Each structure stands twice: as C-alpha cells, then as structure tokens.
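Q: If you scroll down you'll find the structure; I have some questions about it.
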Amino acid sequence: MSDHVTIVEVGPRDGLQNEPYTIPTEVKIELIERLADTGLGVVEATSFVAAPAIPQLADAEEVFGRIQRKPGVRYPVLVPNEKGYERARQVGADEIAVFTAASEAFNKKNINCTIAESLQRFAPVLERARADGVRVRGYVSTVLGCPYQGEVPVAEVVRVAEALHEAGCAEISLGDTIGVGTPAKARTMLETVAKSVPMEQLAVHFHDTYGQALANIHACLDAGVRVVDSSVAGLGGCPYARGATGNVATEDVVYMLNGLGMKTGIDLMALARVGDWIAGELDRPRSRTGQAILKR
Ligand code: HMG
Ligand code: MG
C-alpha cells in the first residue's frame, strides 16, 4: 500500500465560509498563495455559490482571478450548478467540486433541493466538465450523522457516492459534516463505500466537533484511504450545520502522518507559520501542533 497521502487543504473554502466577520479579499489571496508554498498539492480555493447562501465567499471571482497559481498545485473550487460552473470557468478554474449529501434534510437546507434533484443539477455540469477536460470531485455530506435527521444509513452514503462516481466524479470525498463519527463507525462506512467505489477514488473529510477526527483518519488510513481533507489551523464549519466546529487541522494531520512514516511533501514548520498567521488574522486559536512546534 502506498505511503503517500494527498492532503486536500480546504481552509480557504470550508475554513472561511463560516467566519462571522468579513475577511478582506487580500487576506484570502495571501492565504491561498502561502498554503501553496508549503508543499501542499491541492488547495481548495473558494466557492462559486449564491452570495446570499455564503456571503463570506461572494468575492470568488476576484479571489480566484487574482491568485498567482503555482505550477503543480491544483486549485479546485465548489460549484453547485451550471451558473457556478460558468462563473468558475470564466476566471480560469480547471478543477471543480460538486456537493450533495446522504441526508435529505441537510441537503434541503444546504442547497435547497432533494438528493435526486442535486444529481440532476450536476448532470449538465459534469457533461460540460468532461468536454472541457475539467476534473470533478464529488462531496457527500453527513456520512456519519445529520444535524436535522440524526442517523444516516450507510446504504444511503453508498447510493449517493456510487451515483457521483457513475456520473463521472474522479474522486468522492466522504464528509462527516458535524464531526459525530467515531473510528470504528468511520472505518466501516468507508469500507462499505469502497465495495462500490474504488478506495483510490475516495477521500475522507472530518470535522472535529468531538475531537475524534485524527482517530477517525487513522482508522480510515488503516482501511486504505490515501486522500485526506483538512483545514489549516482547524478553521471551518458549515453555516447549515450549526454547532459543528472546524475541520481537523492540517498541521495535526501532517504531524500524525510524519509520525506514521507517511509522506505528504508538506513542510510542517512552514505550514504552522501559515496557521499561526491566519489564526491571528481571524482571532482564532492555533492548531495543537502549530502551538507546540512554534514554541520550541
Ligand atoms: P436556490 O435559491 O434554490 O437557487 O439556491 P435558484 O437557482 O433558485 O437561484 C436563486 C438565486 O441565486 C438566483 O438569483 C440565482 O441567479 C442565484 P436571483 O435571480 O434571485 O437574483 N444563483 C447563483 N448566484 C451565483 N452563483 C451561483 C448561483 N446559483 C443560483 N452558483 C443554491 C440553490 C445551490 C444556488 C444555493 O442554495 C447555494 O448556493 N448553496 C450553497 C451552500 C453552500 O455553499 N454550503 C457550504 C458548502 S457545503 C459544505 O460545507 C460541506 C463540505 O465541506 C463537506 C462536509 O463537510 O460534509 C463540502
Ligand atoms: Mg466540510
């Protein structure tokens, strides 16, 4: 099994979409550029969604249009529909992510449609992406629990992941949106999905509400996943998942992976400095690892 793990840094998107204060466009651009300088290979940059739904990312065109893209680094963006696709393409995005959920109740709040309707909405986006040579990631939210309906059957996660895979998504990210998962449950969910979608095309996305994210990632690495989503300084949350805290911190994930002898290509000290800077800008706490290694 490969010892290389791809980290998908979602801080500039998942991390910033839920912040209570307006973040200057300059700070967002600096964050994306500094993250790409740490050795990260994938930095999710922003979302081309409706501004009233996510006011924090209403400057997506300006952010994406102004970042200096580093060769070899991928910059996917979230797209909920064809309108979002057109906006993203207009400023040169060449990789996108569509997003739906395994729970009807969450999907309705988040993107105002049923799961089936969301898949119908994505069909023309995926068709255009295929024709344009644009890579598409598909997110499935609420894979281990929903803030509105509670338990989410694994069979639903499998059904939605399979549908996204069949529709042409190159990678499916399984999101524990509210961070309620625990290791054995997370591993079973991943292994069950991997019977229908190849493990090489799966990613895991943990929010850290109950402090379980690292343990969950470890269990999923054991099961064979090699793509992990995380957010610098543990920023993040979804405005449609109240009470959920940030994503697992990228610094903590990289520290754990280094300890396991796995490779990420990321300079942990450089990443910790970026985490320290953005936490200061947003008046947020540092990651555990960031605090520890910057003090040494
Ligand atoms: P809707 O109101 O049903 O859409 O929203 P609509 O098609 O009826 O359009 C309503 C208005 O929005 C129209 O404007 C459209 O033009 C406009 P009006 O005519 O009234 O002036 N509109 C847009 N504007 C800009 N860009 C667009 C766009 N689309 C429509 N792309 C919609 C449906 C999906 C658009 C809306 O609900 C939305 O944007 N939702 C986004 C929610 C979101 O971004 N949530 C956070 C990301 S998901 C997440 O965080 C989970 C994840 O991290 C994984 C995990 O943790 O589980 C990925
Ligand atoms: Mg998320």
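Q: Find all pairs meeting these conditions: Cβ atoms under 9 angstrom apart; at least six residues apart or on different chains; first residue within the stretch 183-208 and small (Gly, Ala, Ser) and at pLDDT 95 or above; second residue away from ligand 1 (no atom under 16 Å from the Cβ) and in a strand (DSSP E or B).
A: Going by the 9 Å Cβ cut-off, the qualifying pairs are Ala203/Thr6.
Q: Starting from residues that are farther than 14 Å from Gln56 by Cβ and of a type in the set (A, V, I, L, M, F, W, C), keep the ones in the stretch 11-42 and report whichever is nearest to ligand 2 (Cβ to nearest atom).
A: Among those that are farther than 14 Å from Gln56 by Cβ and of a type in the set (A, V, I, L, M, F, W, C), it is Val42.
Q: Provide a single number: the residues in the stretch 1-30 that are among the hydrophobic types (A, V, I, L, M, F, W, C), more than 16 Å from ligand 1 (Cβ to nearest atom) and within 16 Å of the chain's Cα centre (by Cα).
A: Of the residues in that region, 1 qualify.
Q: Could I ask something else about it? Scanning the stretch 32-57 for residues that are closer than 14 Å to Lys70 by Cβ and within 16 Å of the chain's Cα centre (by Cα), which turns out surrounded by the most Cβ atoms within 10 Å (Cβ to Cβ)?
A: Of everything passing the filter in the stretch 32-57, Ala45 is surrounded by the most Cβ atoms within 10 Å (Cβ to Cβ).
Q: Checking Gly168 against (1) without any contact (Cβ under 8 Å) to a residue 12 or more places away in the chain; (2) at positive phi: exactly one of these is not met. Which one?
A: (1)
Q: Looking at Leu31 and the list (1) modelled with pLDDT of 95 or more; (2) among the hydrophobic types (A, V, I, L, M, F, W, C); (3) outside any helix (DSSP H, G or I), which single condition is not satisfied?
A: (3)
Q: Working carefully through the options Asn216, Asn247, Asn258, find the one that is within 16 Å of ligand 2 (Cβ to nearest atom), without any contact (Cβ under 8 Å) to a residue 60 or more places away in the chain and touching a helix residue (DSSP H, G or I) at 6+ places or on another chain (Cβ under 8 Å).
A: Sole residue among the options that is within 16 Å of ligand 2 (Cβ to nearest atom), without any contact (Cβ under 8 Å) to a residue 60 or more places away in the chain and touching a helix residue (DSSP H, G or I) at 6+ places or on another chain (Cβ under 8 Å): Asn216.
Q: So, in the stretch 242-277, exactly how many residues are within 16 Å of ligand 1 (Cβ to nearest atom) and either crowded, with 20+ Cβ neighbours inside 10 Å or of a type in the set (Phe, Trp, Tyr) (or both)?
A: Going through the stretch 242-277 one residue at a time, the tally reaches 7.
Q: Can I ask one more? Would you tally the residues in the stretch 58-82 being within 18 Å of the chain's Cα centre (by Cα), more than 9 Å from ligand 1 (Cβ to nearest atom) and not aliphatic (A, V, I, L, M)?
A: Number of matching residues: 4.
Q: Given the conditions (1) farther than 27 Å from Leu268 by Cβ; (2) in a helix (DSSP H, G or I), and given that Val49 satisfies all but one, which numbered condition is not satisfied?
A: For Val49, the exception is condition (2).
Q: Then there's this: Of all the residues that make up the stretch 61-83, how many are within 16 Å of Ile96 (Cβ to Cβ), out of contact with any helix residue (DSSP H, G or I) (no Cβ under 7 Å at 6 or more places or on another chain) and away from ligand 2 (no atom under 16 Å from the Cβ)?
A: Qualifying residue count, the stretch 61-83: 6.
The values are calculated or read from the model by the stated rules, or taken from the named source; none is laboratory data. No experiment lies behind these values; they were computed from the predicted model shown. Please note: Cβ atoms are built from the backbone with ideal geometry, for glycine as well, and neighbour counts cover all protein chains shown.
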